[in-house]
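Take a look at the structure set out below.
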Amino acid sequence: ARSAARSAGGAASGAEPEASAYTLTFRADDGSGVPSGLAEADVEVDFGEQHDRVPHVSDDGIEEAWRRQLLSAPRTWDAPKFRLASILVSSTAGGTTGDGRAAPAVVLRVGSTSYKEHVGTSTSSRDAASRRALREDGLATFGSESAHLSDALGVETTLETCDGGLVLLRRAAGVVGSVGKFNGPSGHPEPELCVSGRAAAAAADDDESSRASKSALVLSELFASILRECVEETGVPFASLSPPRLVGAMRDGFGKPDLLFRVETTHDSSQVVAAARRARDAWESDAVVVVSATPPADANAPVDARFHEKLTRLFWARCPETMAATTRAMAECLSRKTDESRRFREASSRPAHFDIPESGSRVVTSEKN
């Protein structure tokens, strides 16, 4: 669930440009223009403490930032998180490794961090000068601006309905970060479910075999976590969901990374909207909207009447006032890079008024365009 641990911008995320900026760092382009995505078998995780954050002399500032976060968001809690150190795109994808195994398309280098470290290094709860010093020192000493940053790894997905829609949730006032903006089901993978306690007992020894075992557990959790988010945030049954496919990765303006997935459901748009009323984490969003999974050909092209017209245009236009940074990165990841789409984006991203419910009315359907 997103809750307090889904922040990308800390206590005052909307007040700084980092909250809406993003960079698409990886796109699983299969040559067709729009990525179908990578299956779990196409991805490898290299998990270990060599990918953890490097401590910094100013780390007392993490505690100070955490205290500020708790003052503005008392429901915030600390928890272990995975850290995405880097993504290696394999030059041997489609071939085999030296030991005869199928070569992965990408390798995710993953370490450990915590939500407190995220707040204290990568949100506006830490002052901008201190965050800048962390980046500069990391680059000067280790050749990486993110060496001293938490880089807590999040996940987001498009939930694609069987009638050609994409499910978007508007973030409610009770959550931290991007309040009032739309995103897909999202959250964080949970280390406690795979590399601690019983799950890690069989991989307790620090040898190559145990490291490989832990890495496999982490990979499984990365893909499983996004299915949990779909169920918890939209109420659709697990059995209705397809296996996730990794389509890309991004970093927001604070440097926080997210993996981007595609998941399909056998439910149609109206069934998802109805299920969302009963979702376990329904409190995290105050509106559920289904937009068209097909981008309009241009700013004047019609949108399927089953879907929210104006939000469809704003999603594909990657409007920063309406869509969370992760969701804008997802739209870019799924867009064909053509001159036509660029002209459509420029025309559609101008400020626009559209009717969506007040915060007391949680669900919006396509009739409320």
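On inspection, residue 45 does not qualify as at pLDDT 95 or above and part of a loop (DSSP other than H, G, I, E, B). Here 177, 143, 164 are screened, and the one residue that is free of Cβ contacts under 8 Å to residues at least 12 places away in the same chain and either among the aromatic types (Phe, Trp, Tyr) or at positive phi (or both) is 143.
Name the residues in segment 264-297 that are part of a loop (DSSP other than H, G, I, E, B) and of a type in the set (D, E, K, R), would you? Within segment 264-297, 268, 277, 278, 280, 281 qualify. The requirement of being within 20 Å of residue 222 (Cα to Cα), modelled with pLDDT of 95 or more and of a type outside the set (A, V, I, L, M) is fulfilled somewhere in segment 52-73, by at least one residue. For the criterion of being aromatic (Phe, Trp, Tyr), touching a residue at least 24 places away in the same chain (Cβ under 8 Å) and in a helix (DSSP H, G or I), residue 261 fails.
Screening residue 305 with (1) open to solvent by less than 50 Å² (accessible area, probe 1.4 Å); (2) hydrophobic (A, V, I, L, M, F, W, C); (3) outside any helix (DSSP H, G or I) gives one miss only, at (1).
Conditions tested, residue by residue: (1) at pLDDT below 90; (2) surrounded by fewer than 16 Cβ atoms within 10 Å (Cβ to Cβ); (3) part of a helix (DSSP H, G or I).
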{"residue": "2", "(1), (2), (3)": "yes, no, no"}
{"residue": "33", "(1), (2), (3)": "yes, yes, no"}
{"residue": "82", "(1), (2), (3)": "no, no, no"}
{"residue": "118", "(1), (2), (3)": "no, no, yes"}
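Could we say that residue 209 is on the phi < 0 side of the Ramachandran plot and at pLDDT below 95 here?
Here the answer is yes, as residue 209 does meet what is asked.
Residue 284 fulfils the conditions (1) among the charged types (D, E, K, R); (2) open to solvent by less than 10 Å² (accessible area, probe 1.4 Å); (3) modelled with pLDDT of 95 or more except for a single criterion, (3).
Selection of first residues in segment 268-285 that are more than 15 Å from residue 240 (Cα to Cα) and of second residues that are crowded, with 20+ Cβ neighbours inside 10 Å, restricted to Cβ pairs under 6 Å at least 6 apart or on distinct chains, gives the following pairs, ordered by first then second residue: 278/235; 281/233; 284/2; 284/175; 285/169; 285/170.
Go through segment 230-256 residue by residue and tally those that are assigned to a loop (DSSP other than H, G, I, E, B), among the hydrophobic types (A, V, I, L, M, F, W, C) and out of contact with any helix residue (DSSP H, G or I) (no Cβ under 6 Å at 6 or more places or on another chain).
Number of matching residues: 0.
Set side by side, the residues 358, 332, 340, 367 differ, and just one is modelled with pLDDT under 50, open to solvent by 30 Å² or more (accessible area, probe 1.4 Å), of a type in the set (Asp, Glu) and within 25 Å of residue 29 (Cα to Cα), which is 340. All of 134, 108, 153, 169 fail the test of being at pLDDT below 95 and open to solvent by less than 40 Å² (accessible area, probe 1.4 Å), apart from 169. Residue count for segment 120-167 under the criterion of being in a loop (DSSP other than H, G, I, E, B) and not hydroxyl-bearing (Ser, Thr, Tyr): the result is 12. So, in segment 137-150, how many residues would count as being over 26 Å from residue 323 (Cα atoms) and open to solvent by less than 50 Å² (accessible area, probe 1.4 Å)? Residues flagged as over 26 Å from residue 323 (Cα atoms) and open to solvent by less than 50 Å² (accessible area, probe 1.4 Å) within segment 137-150 amount to 4.
The values are calculated or read from the model by the stated rules, or taken from the named source; none is laboratory data. Note that the structure is a prediction, hence the values are computed from the model and not measured. Glycine gets a Cβ as well: all are built from the backbone with ideal geometry, and neighbour counts include every protein chain shown. The area values use the complete protein model at the heavy-atom level, side chains included, leaving out ligands, DNA and RNA. Shrake-Rupley method; radii C 1.70, N 1.55, O 1.52, S 1.80 Å.
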